[in-house]
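Chemist: Here it is, the structure, as structure tokens.
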Amino acid sequence: MTTTATGTLAAAPAPVVFKAACPDCRGRFELASDAFRLAIGGSRRTTFYSFTCPDCGRAVRRPAGERIVELLTGGGVRTLRLHTG
């Protein structure tokens, strides 16, 4: 529970959950937004999201187009903006 500006109690927002899959073990699962990291670079090649597969423990890195970036940032995924020199 959290307290609002008017002093009333409000339920904490439910964590955002995303469906994901591992290309190595082919596991399918749901992960909370804090399990993901999003890197936004200057090109499609340098914009991606990553997570660790809960089934096999492998690091997974997938490209992120505009729609994926929008969904992940809207869901509270931590974002790193990569600077190009």
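Chemist: Between T73 and V16, what length in nm is gained on full extension when 0.36 nm per residue of separation is reduced by their alpha carbon distance?
Modeler: Once the chain is fully extended between T73 and V16, it gains 19.4 nm.
Chemist: Run the accessible area of the stretch 12-85 with a 1.4 Å probe and give the carbon-and-sulfur part as a rounded percent.
Modeler: 50
Chemist: Could you do me a favour and compute the accessible area per residue for the stretch 20-85, 1.4 Å probe, result in Å²?
Modeler: Per residue, the stretch 20-85 has an accessible area of 70 Å².
The values are calculated or read from the model by the stated rules, or taken from the named source; none is laboratory data. Fair warning: this is a prediction, and the values are worked out from it, not measured in the lab. Surface accessibility is based on the protein's heavy atoms, side chains included, excluding ligands, DNA and RNA. Shrake-Rupley method; radii C 1.70, N 1.55, O 1.52, S 1.80 Å.
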